[in-house]
Amino acid sequence: MLGRMEGRYDVVIVGGGPAGLAAAIGAREGGAGRCLVIDREPEAGGILLQCIHSGFGLHYFKQELTGPEYAERFLLDALEHDVDVVPDSYVCGIGLDSDGEKRVRVLSDHYGLRTVSCRAVVLCMGCRERTRGAIRIPGTRPSGVLTAGLAQKFTNMMGYLPGRRVAILGSGDIGLIMARRLVLEGCEVVGVFELMPYSNGLTRNVVQCLDDFGIPLNLSTTVTEIMGQDRLSGIKVAPVGPGFKPDMSSERTIDCDTLLLSIGLIPENELSQSLGISLDVTTKGPIVNSTLETSLPGVFACGNVLHVHDLVDFVTGEALRAGRHAGEYSRGIRRAQDNIKLVPGDNVRYCLPHSLSTGHEHQIFMRCKEPMKPCEIIVGDIMRKRLSFVVPAEMIMFRIKPDALEHFQGDTLRIDIRPIEK
Ligand SMILES: Cc1cc2nc3c(=O)[nH]c(=O)nc-3n(C[C@H](O)[C@H](O)[C@H](O)COP(=O)(O)OP(=O)(O)OC[C@H]3O[C@@H](n4cnc5c(N)ncnc54)[C@H](O)[C@@H]3O)c2cc1C
């Protein structure tokens, strides 16, 4: 269904994936009168539309849904909240007026070139996959080498199989899910090859997508050469030693016609950069305060554009919050300024948000650098939380209650993950 595109809104949301749709609902709940969601694809729903497997919504709905089912619930809810959702429309720039008004430039199949003004913007552009160029695999440049998400789109939405005999480099969740998907479509998946000594996907995906289908996961192994002229004819793989250096004496050849790459995701922040928003070098997403507001007042960010999530349920929770704060901002309500900087310490790759304020409850998202078990999260001297294990593939989420911060005097709070002696 095509929504209206008026000249002025309280909140404009860039991207109509699960983050964008939830942010719109949150903005309405935060008091925004008029909200617009803009998405470049023919339908809202984002990456979920190609994720036809089940497993979505286990946390949020306590139900197992497919990606399109999960997206549909939020689209219908957004429409019930009287949000205008406009697909086939690309946000190509955002300008700022001296009075804080934002001007969103949209190139739309339906409405042509438009400028929409608004009080607050929520950035929900998601992320894109790293490609072969990012890791510079030596060899020829045949067809048959593609990212796992693109293979998912071909298979699930367009009805094309990417190949017949498939190898997968990287053990990210999309690669694991595609390993199972392609076996179900009659392909042979010869193995998943992972540089690290542990999987980069969720444990449940390793079990349900590889172990249950007898697909070997080769840890501490990488692809050392791509072979073939017009079409991929095979790859060479080798185990890696210290410093991830391939041990060429153990290199072996694997016959395959397809290589899927599942080697990481990059938040799509070109728009954020053009706005001069400060980015975090680790997450590659915006630096945000405790209301998920970026360094530019009135511009908020959530979902995969902020940091790469493994579960859409957490995207939803984060986006509802970002939307609510954007809705409040559009009504002139500003929360107290943050007075505490949150910094990653031992075995913490990143933590979000980047700052906190006393007097509020805070939800913290973070990832570890290395697997550790059992261990403890130590938040300055205000809080400790025991965990049976942490792994880089699984996001860690916990809350800091207002009373924990009540007597905190400093301006910097450090988070560490340390082992617990057995
Ligand atoms: C291939 C893949 C498989 C996944 N599988 C699972 C899974 O099995 N289970 C699970 O829980 N999670 C899964 N995830 C994670 C989950 O889908 C994501 O966390 C979630 O989709 C992120 O939501 P988002 O709205 O931030 O981004 P997206 O879903 O990527 O949505 C971003 C939207 O923004 C639009 N957009 C971007 N730039 C612009 C612009 N300039 N103008 C207009 N529109 C724009 C895009 O078209 C897109 O629709 C998967 C993710 C990927 C990439």
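The values are calculated or read from the model by the stated rules, or taken from the named source; none is laboratory data. This structure is a prediction, so every number in the text was calculated from the model and none was measured. Note: ideal-geometry Cβ built from the backbone for every residue, glycine included; neighbour counts use all protein chains shown.
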Are any residues in region 36-51 within 8 Å of the ligand (Cβ to nearest atom) and not hydrophobic (A, V, I, L, M, F, W, C), and if so, which ones?
-> Asp39, Arg40, Glu41, Gly45, Gly46, Gln50
Output the number of residues of region 202-228 satisfying the condition of being outside any helix (DSSP H, G or I) and either at pLDDT 95 or above or not assigned by TED's automatic domain parsing to the domain that holds Ala148 (or both).
-> 15
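Per-residue answers, yes or no, for (1) surrounded by 22 or more Cβ atoms within 10 Å (Cβ to Cβ); (2) more than 8 Å from the ligand (Cβ to nearest atom); (3) within 21 Å of Gly323 (Cβ to Cβ):
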site	(1), (2), (3)
Arg4	no, yes, yes
Val14	yes, no, yes
Ile25	yes, yes, yes
Arg28	yes, yes, yes
His53	no, no, no
Leu79	no, yes, yes
Asp84	no, yes, yes
Ser89	yes, no, yes
Val104	yes, yes, yes
Scanning region 233-250 for residues that are assigned to a loop (DSSP other than H, G, I, E, B) and in contact with a strand residue (DSSP E or B) (Cβ under 6 Å, 6 or more places away or on another chain), the one surrounded by the most Cβ atoms within 10 Å (Cβ to Cβ) turns out to be Ser233
Would you call Ile52 in contact (Cβ under 8 Å) with a residue 24 or more places away in the chain, among the β-branched types (Val, Ile, Thr) and touching a Leu at 6+ places or on another chain (Cβ under 7 Å)?
-> no
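Taking Glu64, is it within 12 Å of the ligand (Cβ to nearest atom), in contact (Cβ under 8 Å) with a residue 24 or more places away in the chain and not assigned by TED's automatic domain parsing to the domain that holds Val206? Step through it out loud before you land on a result.
Details: within 12 Å of the ligand (Cβ to nearest atom): yes; in contact (Cβ under 8 Å) with a residue 24 or more places away in the chain: no; not assigned by TED's automatic domain parsing to the domain that holds Val206: yes.
Against the criterion (within 12 Å of the ligand (Cβ to nearest atom), in contact (Cβ under 8 Å) with a residue 24 or more places away in the chain and not assigned by TED's automatic domain parsing to the domain that holds Val206), Glu64 does not qualify.
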What tally of residues in region 400-422 results from selecting those that are loosely packed, with under 12 Cβ neighbours inside 10 Å and without any contact (Cβ under 8 Å) to a residue 60 or more places away in the chain?
-> 6
Which members of region 201-219 meet the condition of being closer than 8 Å to Ser171 by Cβ and either small (Gly, Ala, Ser) or surrounded by 21 or more Cβ atoms within 10 Å (Cβ to Cβ) (or both)?
-> Gly201, Val206
For region 254-279, what are the residues that are without any contact (Cβ under 8 Å) to a residue 24 or more places away in the chain and of a type in the set (Ser, Thr, Tyr)?
-> Ser278
Would you call Gly20 at pLDDT 95 or above, near the ligand (Cβ under 7 Å from one of its atoms) and closer than 20 Å to Leu292 by Cα?
-> yes
Among the residues of region 237-246, which ones are more than 15 Å from Pro138 (Cα to Cα) and not hydrophobic (A, V, I, L, M, F, W, C)?
-> Pro239, Gly241, Pro242, Gly243
Just one listed residue, out of Thr140, Thr155, Thr203, is within 15 Å of the ligand (Cβ to nearest atom), out of contact with any Cys (no Cβ under 9 Å at 6 or more places or on another chain) and more than 30 Å from Met372 (Cβ to Cβ), and it is Thr155
For Thr282, state whether it is within 16 Å of the ligand (Cβ to nearest atom), of a type outside the set (A, V, I, L, M, F, W, C) and in contact (Cβ under 8 Å) with a residue 60 or more places away in the chain.
-> no
Those residues of region 116-133 that are under 15 Å from Val91 (Cα atoms), within 14 Å of the ligand (Cβ to nearest atom) and hydroxyl-bearing (Ser, Thr, Tyr) come to a total of 0
Take the residues in region 392-417 that are within 25 Å of the chain's Cα centre (by Cα) and assigned to a loop (DSSP other than H, G, I, E, B), then tell me which one is nearest to Val348 (Cα to Cα).
-> Pro392
